[in-house]
Amino acid sequence: MPRARPVARRPTSDRQVELADAALHLIATRGIAALTTRSLAEAVGLSTGAIFRHHASLDAVLDAVVARVEEVLATTYPPAGLPPLERLARFVDARSAAVGDRIGILRLVLSDQFQLALPRRGSARLAACVQRTRAFVLGCLREAQAAGDVRADVPAEALAPIVLGTIQQLALSASTGPRRAGAARVRDALLAVLAPPGATSTARRREVRR
């Protein structure tokens with residue numbers, strides 16, 4: 001009989017990404033307390049011993065999860081050269097889609113309980129992600145206000161929570177079902193809220209989409 005060909009092992013880097021995404025899914029669906037080497041091994045179809053070939057400890061797994069969060073969030077920032085309102089609109093779309101696909105990111109970032117369960121360095125890195133997100137949104141809003149593209153009668157600091165809350169709701173909606181048509185309507189509604197008083201929302205949406 002012909003000998004069976006050995007199954008090629010996946011590169012460690014690929015397996016580590018798979019493990020981090022599986023850990024995020026466990027955090028989202030069962031809570032961070034349910035994240036153990038055994039539950040993670042079961043989620044990806046490996047033995048517990050195989051987990052330790054890729055990560056030295058559970059803390060190392062959590063560190064990899066934080067690194068994965070940083071990597072995913074970094075991809076959602078649009079090019080700096082775009083007009084500020086277009087940067088903001090693209091960011092809303094990209095961030096809500098990315099987090100909606102990995103809702104564990106939202107659970108980690110928003111929950112003090114989850115952050116306390118992380119190693120101290122991991123919690124600090126997640127806090128830095130939150131700060132960068134808020135700074136980006138505020139920067140876009142202030143630049144757009146200066147350009148006359150966003151209402152200036154409301155401070156950017158008061159508008160930022162509306163933008164961030166919209167992203168969170170879009171992400172939650174994306175994690176439970178189809179999002180595309182509904183997401184576009186919500187994004188357009190957000191732009192209408194941000195538009196200067198008297199501005200034509202239809203014209204503003206057309207400008208952002210160019």
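The values are calculated or read from the model by the stated rules, or taken from the named source; none is laboratory data. Small disclaimer: the values here were computed from a predicted structure and weren't measured. Using ideal geometry, Cβ is built from the backbone for each residue, glycine included, and neighbour counts are taken over all protein chains shown. SASA here: full protein model, heavy atoms, side chains in, ligands and nucleic acids out. Shrake-Rupley method; radii C 1.70, N 1.55, O 1.52, S 1.80 Å.
A few notes on this one:
- With N as its number of residues, region 45-188 has a Cα radius of gyration that, divided by 2.2 N^0.38 Å, comes to 1.19.
- Region 62-130 - convex hull of the alpha-carbon atoms, volume per residue in Å³: 80 Å³
- FRET efficiency, 1/(1 + (r/R0)^6) with R0 30 Å, evaluated for residue 154 and residue 77 via beta carbons: 0.80
- Area of residue 39 that stays accessible when all protein chains are in place (1.4 Å probe, Å², to 10): 10 Å²
- Each residue, residue 44 and residue 134, gets one label point 7 Å from its Cα in the Cβ direction; the gap between the two is 3.3 nm.
- Debye intensity ratio I(q)/I(0), log10, region 18-118, q values 0.20, 0.24 Å⁻¹ (C-alpha model): -0.95, -1.22
- Stokes-Einstein D for region 106-157, Kirkwood Rh over Cα pairs, 37 °C, 0.692 mPa s (µm²/s): 260 µm²/s
- Using bins of 5 Å that start at zero, the share of Cα-Cα pairs per bin across region 11-50 amounts to 6, 27, 35, 22, 9, 2, in whole %.
- Accessible-area composition of region 1-158, carbon plus sulfur, in percent [1.4 Å probe]: 53 percent
- Table column - 3J(HN,Hα) (Hz), region 127-137, Karplus curve with 6.51, -1.76, 1.60, x for Gly and Pro: 4, 5, 4, 5, 5, 5, 4, 5, 5, 5, 4
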